[in-house]
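To start, the structure under review is shown below, and the notes come after it.
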Amino acid sequence: MKTLSIIAAAALSLAWSSVAAAVKLPQLFQNGMVMQRNQPIPVWGTADKGETVTITFLKKTYATTADANGKWRIDLPKQKAGGPYTMTVNDKTIDDILIGDVWIVSGQSNIDTNLERIYPQYGKELDDYKNDNIRLFHVNNRYVTERQADVLPTSWKYCNKDNAWHFSAVGYFLGQKMYNDTKVPQGIIQASMGGTDIQAWMDIDSLRNYPGNYYTNYLLYTDKEYVDAQTRANNRAGEVWNKALNNIDKGVGKYEKADYDDSQWKKYSQYDNNQWARHNGRAIIGSMWLRQHVTIDKAHAGMAATLNIGTFHDMDYTYVNGKQVGVTYYQYPPRRYKVPAGLLKEGDNVITIRLICKTGMANFYKDKPHNITFENGDVQQTSTEWLTKTGGVMPEGPLGGKINTQNQASVLYNGMLYPLAPYAISGFVWYQGENNTGRAYEYGQMLEKLTGNWRTLWNRPTLPFNIVQLANYMEPSDGPQDGGWPQLREKQRVFTDNDPYSTLTVGIDLGEASDIHPLRKRELTERIAMALQNSVFNKKYALSPEPVSAVDAKEGFEITMSQQLKAVEELKEFEVMASDGKFRNAKASCKGNKVIVSPDFTVVLPVKIRYAWKNNPAKANLYGVNGLPASPFEIKVQMPNDIKNIDIR
């Protein structure tokens, strides 16, 4: 027995030594990966100090030795597009490798917007599409103050509806478009997180001396004990708030029931929230109940269906005939809830919403579908009028502390971007800015720092970026309007004009007044793809028109644009600064690549002209002959310096 124990111990020791010495690879290096064509291909990882690492790929062998810290790297030579191939790294084998183009799509929630969200926009074409030559790699959310050697566990997946259901719609369509155009494999890496600031995606070293306390705040968040304590306090505050609301809301367990008598409830349009979402003169912080009765005929009774009840602020629990069919915890997602077979009955049925508002004022967004879509494709419209009753009214004020780790400087760079380098890629798509509209004045500098950080990290100073400009959003305005959204768009435009390796994608005509996450992601991505092909493949696509110069002319002020313009009778959304320093609407027309702006009021020098300078310039109609919208802009007119005011009436 003793001899056997000694042998077993020796074997265990040998096995442990073997495990300890095993080469480790980052998450990117897995079955199904896509590696970049026509570039050296870095492969890296860790091993024991001094261990020999050998890679075999395409019948060739490459070797190196792990350094004193156990790190190693081998750069494979450039390869042509192709595959599938196999790679071995010591005792590890990676199968089904493709060589093609790799793109990183990053930013906040408009990159996060996934196939599930935009599915009704495209329907059957998403059902039918699958392509194993397109691979998707989703980086899981992680925000930390220390740079990470790797991302959280994830994997490469084939491109189809099921695998892309929670993947970036922009990333999905980018892979599809690029594959259709190039016929080479595509790898899409999504590293994004909704509701995040640009500074969270930047290297902290670039913000050390930048005004705004970004670096100081970062130092506060390096104390893990403090962050953990505040996080627990925040979570507990939310739990206590919900428990208190449930205790004072007399409707819980009653108002959602199918047989509840709601005959005394008041009926209002869902858009008349000044009536049903107020209590004692203030917006309700707490819960509101909404009910409506729907008559189902015999032919549709018992069918499975989808209940579409639009989008609203803030969160909801939704019931059909007393059974909960859905819950959504924040304002943006469209409510599309599955109604199981057998729940809808012939005759009267009741839809009940318990709407909870923690900040602001409860409201329904307009222009969203409200219907029951049956499994056979038939659609029955529901009403936008509801029987309403207040549930529980909570005190005003914040919930818990103010800790917001995900938006602190560098934390997403550390946890989600830094570990991806130096994986060989073709370029980046950056779609972010909504969270920074409150400090739009600094966004140009931030973009310069971010692109510089990332190019330095990859050691590629000419690495292409496509910057997606913020789309139109919020209620349109007939008069001039200033604010963070148009200012930030201008910072995006000016940055790309001054950075020879960046391009701008304009989506000022693809947004939605009531949804910060517009659904037409395929149309947007077609524009992104054109810009990337210009940067990476030296294509010569004409992108969105931009102003080149503006001068005084006989007919008014003449703006020269970067390309030929689509002829229209009258251009909208042009403004000129008047002599009182305020902008006023001005008439405009175009011919060739010239725009003539003709104000009928006195202007002041220096003359400034704005186009589409609003949150939602819904009437903007300046397009290139290529069909792409002009970017919003502000431009100064070149005029003699000795003239103080000009009466152009």
Only one of 598, 535 that is farther than 30 Å from residue 101 by Cβ and touching a residue at least 40 places away in the same chain (Cβ under 8 Å): 598
Residues within region 491-534 that are small (Gly, Ala, Ser) and surrounded by fewer than 20 Cβ atoms within 10 Å (Cβ to Cβ), tallied: 2
Test: residue in region 241-252 that is part of a loop (DSSP other than H, G, I, E, B), open to solvent by less than 10 Å² (accessible area, probe 1.4 Å) and closer than 26 Å to residue 333 by Cβ: yes
Selected residue (criterion: most open to solvent (accessible area, probe 1.4 Å)) from residues of region 310-342 that are without any contact (Cβ under 8 Å) to a residue 24 or more places away in the chain and outside any strand (DSSP E or B): 329
Top-ranked residue in region 553-579 [being of a type outside the set (Lys, Arg) and open to solvent by 80 Å² or more (accessible area, probe 1.4 Å); ranked as farthest from the chain's Cα centre (by Cα)]: 555
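To keep it simple, each residue is scored yes or no on (1) among the charged types (D, E, K, R); (2) farther than 30 Å from residue 135 by Cα.
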position	(1), (2)
201	no, no
210	no, yes
222	no, yes
228	yes, yes
Hits in region 385-425 - residues which are hydroxyl-bearing (Ser, Thr, Tyr), at pLDDT 95 or above and farther than 14 Å from residue 147 by Cα: 388, 390, 423
Qualifying residues in region 584-640 (those that are of a type in the set (Val, Ile, Thr) and surrounded by fewer than 15 Cβ atoms within 10 Å (Cβ to Cβ)) - the one modelled with the highest pLDDT: 625
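The values are calculated or read from the model by the stated rules, or taken from the named source; none is laboratory data. For clarity, every value in this text was computed on a predicted model and none was experimentally measured. In this analysis, Cβ positions are derived from the backbone assuming ideal geometry, glycine residues included, and neighbour counts consider all displayed protein chains. Protein only, heavy atoms only, side chains kept; ligands, DNA and RNA dropped before computing areas. Shrake-Rupley method; radii C 1.70, N 1.55, O 1.52, S 1.80 Å.
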